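Quick notes on the structure that follows.
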Amino acid sequence: MPKLDIHLFPALDDNYGVLIHDAGANVTASIDAPDAKTVEKALRDTGWSLTHILVTHHHADHTQGITALKSTYGCRVIGPKGEAEKIPGIDEALAEGDVYRFGNFDVEVLETPGHTLGHITLYLPAAKIAFCGDTVFPLGCGRVFEGTMDQMWSSVAKIGALPADTALYCGHEYTLSNARFAETVETGNGALKDYIATAKTKRERGEPTVPTTVKAELAANPFLRADRPELAAAIGMAGASAAEVFGEIRRRKDNF
């Protein structure tokens, strides 16, 4: 069974960068490139050499390091087909259903629009991990900048349909802020209370709350629970569709 090494590190103000390394194939990918110098430090810390950059979406805090890193390492840049023209140095563009071979691992592409129109999630089933960029966060989801609420709900639900033990890596440390809002949505959720207590302890220790898991988010994240009757009832929308409930929660979060 091939082994995938994962190195998570903070970048910029509240971003996370991630390196993944398949020693058997001697390949290393940066998931997005928030900042070239921070990625280069992570490479020095691990002793790995960059061969790929796998991009989730075009926003600058996920792509601004690409040009410098490609110049230094000659790495291959893989990104979403729907945003190829917005991503510097892209070599290969991928869409829903495509499978990219990274070393000994298949990377399945899930289109998850909403935050941006071409956003993708990168799912490695053999490693039980998904890199969801700014679509799903611990106890939250990304702002709907370019897509529609219906699109974002479909994207969030697609991630929620992955196997329960899938580890979710996202682009930012927003958990405690998301927690303050989540508490206003579903006050009687015991799983949410436990989740928040654990997250607070981690942050007090200076530890990241990323990755999370599909199982944990389905139990506590209000955005992934928009299809649950108890959550709809909690916000006075009993009988409404999941997309309608999701849209209302997202609008409330935008104004929180």
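The values are calculated or read from the model by the stated rules, or taken from the named source; none is laboratory data. Because the structure is predicted, anything quoted here is derived from the model rather than measured. Using ideal geometry, Cβ is built from the backbone for each residue, glycine included, and neighbour counts are taken over all protein chains shown.
Look through the range 211-246, keep the residues that are part of a loop (DSSP other than H, G, I, E, B), of a type in the set (A, V, I, L, M, F, W, C) and out of contact with any strand residue (DSSP E or B) (no Cβ under 9 Å at 6 or more places or on another chain), and return whichever of them is surrounded by the fewest Cβ atoms within 10 Å (Cβ to Cβ). Outline the logic, then answer.
If we filter the range 211-246 for residues that are part of a loop (DSSP other than H, G, I, E, B), which is where we start, we get 211, 221-228, 235-241.
Narrowing further to those that are of a type in the set (A, V, I, L, M, F, W, C): 223-224, 226, 235, 237-238, 240.
If we keep only those that are out of contact with any strand residue (DSSP E or B) (no Cβ under 9 Å at 6 or more places or on another chain) too, we end up with 226, 235, 237-238, 240.
Working: Ala226: 28, Ile235: 17, Met237: 17, Ala238: 12, Ala240: 17.
Per the criteria, the residue is Ala238.
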Open item on the list: Return the pair list, or none, for Cβ contacts closer than 8 Å from residues in the range 226-241 that are free of Cβ contacts under 8 Å to residues at least 12 places away in the same chain to residues that are part of a helix (DSSP H, G or I) and loosely packed, with under 15 Cβ neighbours inside 10 Å, at least 6 apart or on different chains.
Closed with: Ala238/Pro229
Task: Candidate set: the range 19-30, residues that are crowded, with 24+ Cβ neighbours inside 10 Å and either among the aromatic types (Phe, Trp, Tyr) or more than 12 Å from Lys3 (Cα to Cα) (or both); chosen: the one farthest from the chain's Cα centre (by Cα) - done: Thr28
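Any chance the range 187-210 includes a residue that's among the aromatic types (Phe, Trp, Tyr) and either surrounded by fewer than 20 Cβ atoms within 10 Å (Cβ to Cβ) or part of a helix (DSSP H, G or I) (or both)?
Initial filter on the range 187-210 (among the aromatic types (Phe, Trp, Tyr)): 195.
Going one step further and asking which of them are either surrounded by fewer than 20 Cβ atoms within 10 Å (Cβ to Cβ) or part of a helix (DSSP H, G or I) (or both), we end up with 195.
Yes: the range 187-210 contains one or more residues that are among the aromatic types (Phe, Trp, Tyr) and either surrounded by fewer than 20 Cβ atoms within 10 Å (Cβ to Cβ) or part of a helix (DSSP H, G or I) (or both).
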- [ ] Determine which single condition Val77 fails, assuming it passes every other condition in (1) touching a Lys or Arg at 6+ places or on another chain (Cβ under 7 Å); (2) of a type in the set (Val, Ile, Thr); (3) farther than 24 Å from Ala23 by Cβ.
- [x] (3)
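Given the options Glu96, Glu40, name the one that is surrounded by fewer than 18 Cβ atoms within 10 Å (Cβ to Cβ) and over 20 Å from Cys132 (Cβ atoms). Spell out how you get there, then give the answer.
Working: Glu96 fails: over 20 Å from Cys132 (Cβ atoms).
So the residue among Glu96, Glu40 that is surrounded by fewer than 18 Cβ atoms within 10 Å (Cβ to Cβ) and over 20 Å from Cys132 (Cβ atoms) is Glu40.
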- [ ] Go through the residues of the range 45-52 one by one and say whether even a single one is under 21 Å from the mean Cα position of the chain (by Cα), modelled with pLDDT of 95 or more and surrounded by fewer than 17 Cβ atoms within 10 Å (Cβ to Cβ).
- [x] no
